Amino acid sequence: MNYQAEVEQFITLMSLAEKIGQMTQVEKNSITPEDVKNYAIGSVLSGGGGAPKTNTPLAWREMVNEFQQAALKSRLKIPLLYGVDAVHGHNNVIGATIFPHNIGLGATRDPKLVEQIARATAREILATGIHWNFAPCVAVPQDIRWGRTYEGYGADSGLVAELGAAFVRGTQQGEGGGLSHPQAALATVKHYLGDGGAGWGTAPRFGANWAPDLFGDPQRPHGIDQGITDCDEETLRAVHLPPYIAAIQAGVRAIMVSYSTWGGKKMHAQQYLLTEILKKELGFAGFLVSDWAAIDQINPQNYSESVITAINAGVDMVMVPWDFRRFITTLTDAVINGAVSQTRIDDAVRRILRVKLELDLFSRPMGEEAFLDSVGGATHRALARDAVRRSMVLIKNDGVLPITRETPLLVAGVAADDLGLQCGGWTIDWQGRRGCPTLGTTLVDALHQSRCNFHFHPQGDLPTDPNATALVVLAEPPYAEGIGDRADLRLPPADRELLERVRPRCRKLVVILYSGRPLSLGGQLPLMDALVAAWLPGTEGVGVTDVLFGDYPFSEVSPFPWPDQF
């Protein structure tokens, strides 16, 4: 169904205020349910870490449904689209299943697996009343120093296109149905277009420069995130556009616009790329949503000009994290003054309403309470464990892997028993956190379950055993987005010292690396008999030991090339 008659009926009934309300998306901490009703707000979101005070699946459901109930009390009773970044599972919810980040799924090269993960994630967000996932990221990262590298499936646009389309299908088709299926949610491919091609040193003042210096790197404040993609249109189309073409063919109905710049213009201001190419040439029938406060960057000194430019360029829904009243007033004035046409407003609202109708939100606005038992349930965790097994890449092996369960093991590295390091960014908090942010199994937990003989000390103060194999687990600290931009990809001194401390205490040394990208290990590689890229595997650490003990094979191909100085 195209729902044209239903959409046109709404357009006829709606006031300008109600139309602009539908084009407005607000972060949940900046709005009340009463405001949602009074302003006919079209969407609310939880940003990274935007949880209720009690972070449980049921509390999430109650919070989301309070906003939804308010929307249904508005004059036209148009239901709300509640959105969340469930980028590796329902990762803001304590107890949810956390799957490997996309870089690990890229190592599996398995679209059927990705589709299953998307379907499981959709089920978990629907359990909490949420119908909209801001995933998958289909960036094609060309520089692994970028802090969002792990959000990409790989450096090859063909691989990204294949897996991104699989995630769209898994999210939006339920058990073989369409968007109206009770198990279907709305997917979002992001960030359009070319964010993965931004160059080092082009990050804007309001991007990575304001982020903490996570890696103690004096060059880092001139990083990549939200930067400039300096290429011709042919390259932009060849490298960065194919995943969007594949996603549109798979039926995606929401696309998020990038912070990045191309051709001297912010992407949110690119009428040619947003309207002429995406909507007209490629026939995208869904709606475009801005990124977090991204339209403000078009002209930081003139908010009105930023709003007018973004809407006229083709942005249909604007993510306004804080002052939604300012946005509504500004856009209303722009329409009254003729700077934005009523036709452009109606086009945006038609697109939004059509998607809401396709999702069957009017009949099932509250999600699926019956799915609550699936959040972090055994079936989804088994799927995540399988994804971990299939994502691990063997970079080096001098006859040590797989190991037997009878082999005495020496285990070192804080990351071996730190679930937060194992999961990485976008886990409960936006930036992730060290320690135990949610429920899951660390590598040490998995070794206990395997009943093997091992000694563990985080700092490597272990007994010397000439028959032992050492497992040294190294990890990048958790990060997300520009905070993870990193010029120097070498191991920090503490990790190098740990390797040197453990090496003489064992017969063989295996390094397991938790990271959001390949790291430069050239100086330390001779100390290792084996090197395993485990990426950011999520909550099911037992999947790592499944492969170490030879129950399952390693993946053969890294989704990103390793640095030349490796």
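The values are calculated or read from the model by the stated rules, or taken from the named source; none is laboratory data. Computed from a predicted structure; not experimentally measured. As a convention, Cβ positions derive from the backbone with ideal geometry for all residues, glycine included, and neighbour counts pool all protein chains shown.
Structural remarks
- Scope the range 493-521; condition modelled with pLDDT of 95 or more and part of a loop (DSSP other than H, G, I, E, B); matching residues: Cys506, Arg507, Ser515, Gly516, Arg517, Pro518, Leu519
- Residue, farthest from Thr128 (Cα to Cα), within the range 19-34, restricted to residues that are in a helix (DSSP H, G or I) and free of Cβ contacts under 8 Å to residues at least 60 places away in the same chain: Glu34
- Answer from Asp386, Asp465 - the residue that is over 23 Å from the mean Cα position of the chain (by Cα), modelled with pLDDT of 95 or more and not in a strand (DSSP E or B): Asp465
- Any hit, the range 358-381, residues being touching a strand residue (DSSP E or B) at 6+ places or on another chain (Cβ under 7 Å) and either among the polar types (S, T, N, Q) or more than 22 Å from Ile11 (Cβ to Cβ) (or both): yes
- For the range 389-404, the set of residues classified as under 26 Å from the mean Cα position of the chain (by Cα) and surrounded by fewer than 18 Cβ atoms within 10 Å (Cβ to Cβ) consists of Leu394 only.
- With respect to the stated conditions, Val335 fails to be farther than 26 Å from Leu193 by Cα, surrounded by 21 or more Cβ atoms within 10 Å (Cβ to Cβ) and β-branched (Val, Ile, Thr).
- Scanning the range 156-182 for residues that are surrounded by 21 or more Cβ atoms within 10 Å (Cβ to Cβ), out of contact with any helix residue (DSSP H, G or I) (no Cβ under 7 Å at 6 or more places or on another chain) and outside any helix (DSSP H, G or I) yields a single hit, Gln173.
- Flag if Val557 is closer than 30 Å to His90 by Cβ and either β-branched (Val, Ile, Thr) or in the same structural domain as Thr121 (by TED's automatic domain parsing) (or both): yes
- Top-ranked residue of the range 90-110 - restricted to ones that are over 16 Å from Ser391 (Cα atoms) and among the small types (Gly, Ala, Ser), ranked as farthest from the chain's Cα centre (by Cα): Gly95
- Output for the range 252-290, where each listed residue is small (Gly, Ala, Ser) and either surrounded by fewer than 18 Cβ atoms within 10 Å (Cβ to Cβ) or without any contact (Cβ under 8 Å) to a residue 24 or more places away in the chain (or both): Gly263, Gly264, Gly283, Ala285
- For the range 49-104, the candidate set comprises residues that are in a loop (DSSP other than H, G, I, E, B) and basic (Lys, Arg); within that set, the residue that is farthest from Tyr150 (Cα to Cα) is Arg75.
- Boolean, Leu353 is crowded, with 24+ Cβ neighbours inside 10 Å, touching a residue at least 24 places away in the same chain (Cβ under 8 Å) and of a type in the set (A, V, I, L, M): yes
- Members of the range 461-490 found to be small (Gly, Ala, Ser), crowded, with 24+ Cβ neighbours inside 10 Å and touching a Gly at 6+ places or on another chain (Cβ under 8 Å), listed by number: Ala480, Gly482, Gly484
- Within the range 356-375, the set of residues being crowded, with 18+ Cβ neighbours inside 10 Å and on the phi > 0 side of the Ramachandran plot comprises just one member, Gly367.
- Within the range 43-64, tally of residues that are surrounded by fewer than 21 Cβ atoms within 10 Å (Cβ to Cβ), modelled with pLDDT of 95 or more and out of contact with any helix residue (DSSP H, G or I) (no Cβ under 6 Å at 6 or more places or on another chain): 8
- When each of Gly424, Gly420, Gly435 is tested for being without any contact (Cβ under 8 Å) to a residue 60 or more places away in the chain and buried (at least 21 other Cβ atoms within 10 Å of the Cβ), the lone residue that passes is Gly420.
- Residue ID - farthest from Leu357 (Cα to Cα), chosen from residues in the range 12-37 that are exposed (fewer than 15 other Cβ atoms within 10 Å of the Cβ) and among the β-branched types (Val, Ile, Thr): Thr32
- The selection criterion, being buried (at least 19 other Cβ atoms within 10 Å of the Cβ) and aliphatic (A, V, I, L, M), holds for Ala40.
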